[in-house]
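None of the figures in this text is laboratory data; all of them are computed from the coordinates on show. Bear in mind that the values here come from a model prediction, so they are computed numbers and not experimental data. Using ideal geometry, Cβ is built from the backbone for each residue, glycine included, and neighbour counts are taken over all protein chains shown.
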Amino acid sequence: MSEFRIHHDVNELLGLLNVRGGDGAEVYIDLLQKNRTPYVTTTVSAHSAKVKMAEHSKTPEDFLRKYDELKSKNVRNLDPLVYLLSKLTEDKETLKFLQQNAKERSEMSANAASSTTTSYNIPATSSKMSMQELEELRKKLGNVTASSNVPQSSEVIRKMLRDRHNKKNPTQPNPVFPNWVYDRPALIGDFVTSPTPVGDPVVAIGTMPLAAQEQALVEDLLYVLIGVDGRDIAAQPVLGRQSRSFIVDPSLDMSIKELVNRILPVASCYSTITRFTEEKSSFEYGQVNHALTAAMRTLMKEYLILVTQLEHLHRQGTLSLQKLWFYIQPTMRTMEILASIATSVDKGECMGGSTLSLLHDRTFNYTGDSQAQELCLYLTKAASVPYFEILEKWIYRGIIKDPYSEFMVEEHELQKEKIQEDYNDKYWDQRYTIVQHRIPSFLQKMADKILNTGKYLNVVRECGRDVTCPDAKEVLYTLKERAYVEQIEKAYYYASKVLLDFLMEEKELVSRLRSIKHYFLMDKGDFFVHFMDLTEEELKKPVDDIIPPRLEALLELALRMSTANTDPFKDDLKIDLMPHDVITQLLRVLAIDTKQEKAIINAEPTEVSLSGLEAFSFDYIVKWPLSLIINRKALTRYQMLFRHMFYCKHVERLLCNVWISNKAAKQYSLHSAKWFAAAFALRQRMLNFVQNIQYYMMFEVMEPTWHIMENNLKSASNIDDVLCHHTSFLDNCLKDCMLTNPELLRIFSKLMSVCVMFTNCMQKHLLLLSMLKTHVDALQSDSGFEATISKFDSNFSTLLLELLDKLSIYSTNDCEHSMINIIYRLDFNGFYTERLEKMAIERSQKTIIHTHKGRGEPIQHS
């Protein structure tokens, strides 16, 4: 079980049990991960657990009956569940808690039910009920009872299966037998029940001599054994999935009757098998059930031949009742097994993989009984042929041809083009998916490899390549799993290699990723200098005033003038003006699949118009099949990283421009002014902050993580490994660049805003200075501007301290050790250390006070 699944299941369980507070889910998750061991179901462990549960049950018979019913339906994980419940019965504390929780839940359910129960207008007891009202009430109650107890007819089930198939495959409707096949019951070969009473009312069989009674009963039994009523033995009508029972003339001699009752179960089994083969041979029940019924009919031929031979002996007058019992005994075991399988498949409504699971389990459970195991093995081999034909096409050619929805892999109609459009598109995960109940139990361990094998080949096929596994051999069912496991593994390794080589060599995946890195991760410095110089004036405009073709032309010029000109994929780089700033985009992405998603998406758009710089991003054209790896989700992550760094680069340029203006202002001897020294000291601190942040992101996060990914890609054995390494690279970059933490993101955004406002303020004053050269003294004594600089300093220092404090908390509590490098770089000389320590002490004191208040304890001040 994966770590994600453990997290999900623990949280679900705590939610169902209404557990609040305490140590939380993490404690239980850690405990489970440390102590989990694989549970191996054995006959002994399952039986002992069942016995223990029956002993603890108030109604043991009901429990065992329900267990047998679920077992007959081939319910998966039944034995592990019973084993778990048996272990819970040993834990008195847990039992007490569960009983209390069950009581509370039942009370809540009762309250909820009382408020929503359907009410019938029944007159008060004091008034008389009319015949019409009584009849209406009777009909209502009758309808409710009938709908809950009467099983659906075969015709209704066939229609439901047919409609489901036709909906999924509108161009290939299910073939249908003509109505007369179902309307003429005599063709089925089972009993045609009639209201005619059993026995002759004139001459009762009990009045006849014993020899005559025996001969009459032998003849009756020969008829009953092939599904035809006899004179003194008649079949009872069956409802739903009941076993056939018989009525024997009560006047029959007891010794003969006893022998007859021993033989009649064979006739009951014959009836069950016949009904099953007739019903399940319909197209609606799929190819596996059809193959199973064909195999059963083959076995039934031997039985019918035996009955024909016995009839021949009877006509010769040499067949007694005792001989009939002797000859029929070897067939009883076969008929019982066939009837049991038929009943289980019918009760469990098994099709495809679930039918094969049931047959495999029966075959495996008959170890030690060679005759029964050989019989089940024959049936399983026959039934598995159509399933393995679908499997072979899937693992050898990447084609799925499953007209009756029996195969474990299900295809969904998804467009691969959406990978480039929809951030949350799940083409690779959802185009082909595993359907758990269709997986045969003997292929359970190989299910993921089977899914991936076909997926890999299918991708290559969709690129116009016809691929067929060179090691393709017929897959046959056997109790020795290794035989077909080896075939599946060979096909898997071939498919993995074909697709990986296709992407890596022919489609140059790594070169494509390097090209994306040049632009989105800004590792082509000269290109960005050229580009930002060329587009600076254009990007200052409001986004609505920008002409995209002009930006595209400037991009083209920058690419041609820089070292990026050597990139063979540079023409796939495009301009994208986003509708949101980077913070809003990040928050929208972080909210996907959360409770806040709808609120954020439906929020009113901000009235503040974005500038070109705030909306600017790159986009990249990726075609199939590379879009499997570089999909819209991956490109969006690249865009977020780029926009984050691009804006930092823009702020750095603004601060550098203030430094250039500072050089020009020195001729006016403003260095004596207090605000001048304070302003340019603050500018230096801001520049130091922005440059160190950029250095950290590019050289301590992205470059090392990129090299790790490149090395991992060299050792990747399949496309899923490539996807995993690429996604891990992007996730780690986003996390370490503080882009997955909304709290850090907001503080960082405010710091950038303070830097931008400061540069704007400085440029205005320096511009004013150049215009009013004669009023330098007035500017030097401008106390208002000095206060403004002081406020900028205060805001910047407060936000920076807050950021460093939060980084310190996350690096300690959440083990985000890479983030602590920012603190070391920004606080290299210990300038902020004292204040950070003071903030940590204040935070710990607040925590202590809050804890005391929660416990109701008095707070002692030292």
Practice prompt. Evaluate E = 1/(1 + (r/R0)^6) for ASN657 and THR812, where r is the Cβ-Cβ distance and R0 equals 51 Å; express this FRET efficiency to the nearest 0.05.
Written response: 0.85
Worksheet entry | Hz values of 3J(HN,Hα) by residue in the range 690-703 - Karplus curve (6.51, -1.76, 1.60), Gly and Pro given as x | 5, 5, 5, 5, 5, 4, 4, 5, 7, 9, 10, 10, 5, 4
Worksheet item: Between ASN692 and ASN711, what length in nm is gained on full extension when 0.36 nm per residue of separation is reduced by their alpha carbon distance?
Response: 4.1 nm
Worksheet, complete the sentence: Under 5 Å from the placed amide H of ILE575, counting only residues 5+ away or on other chains, we find ASP619
Fill in: Set LYS445/LYS633; LYS490/LYS714; LYS71/LYS301; LYS750/LYS838; LYS50/LYS280 screened for pairs whose C-alpha atoms are more than 26 Å apart
LYS445/LYS633; LYS71/LYS301; LYS50/LYS280
Discussion item. Net charge around THR334, counting only other residues with Cβ within less than 11 Å of its Cβ (Lys, Arg = +1; Asp, Glu = -1)?
Written reply: -2
Worksheet entry | Additional length obtainable on full extension of the chain from GLN309 to ALA678, 0.36 nm per residue less Cα span | 121.3 nm
Worksheet item: Once the piece of chain linking PHE828 and THR59 is laid out straight, how much longer is it, given 0.36 nm per residue of separation minus the C-alpha distance between them?
Response: 269.5 nm
Worksheet entry | 12 Å beta-carbon shell around ARG550, net charge (K/R +1, D/E -1) | -4
Practice prompt. Using packing as a proxy for protection, rank 384-390, 546-552 so that the peptide with the highest average count of other Cβ atoms within 10 Å comes first.
Written response: 384-390, 546-552
Worksheet item: Which whole-Hz ³J(HN,Hα) couplings does the range 636-653 yield from phi under the Karplus relation 6.51 cos²θ - 1.76 cosθ + 1.60, θ = phi - 60°, glycine and proline marked x?
Response: 5, 5, 4, 4, 5, 4, 5, 4, 4, 6, 4, 5, 4, 5, 5, 5, 4, 5
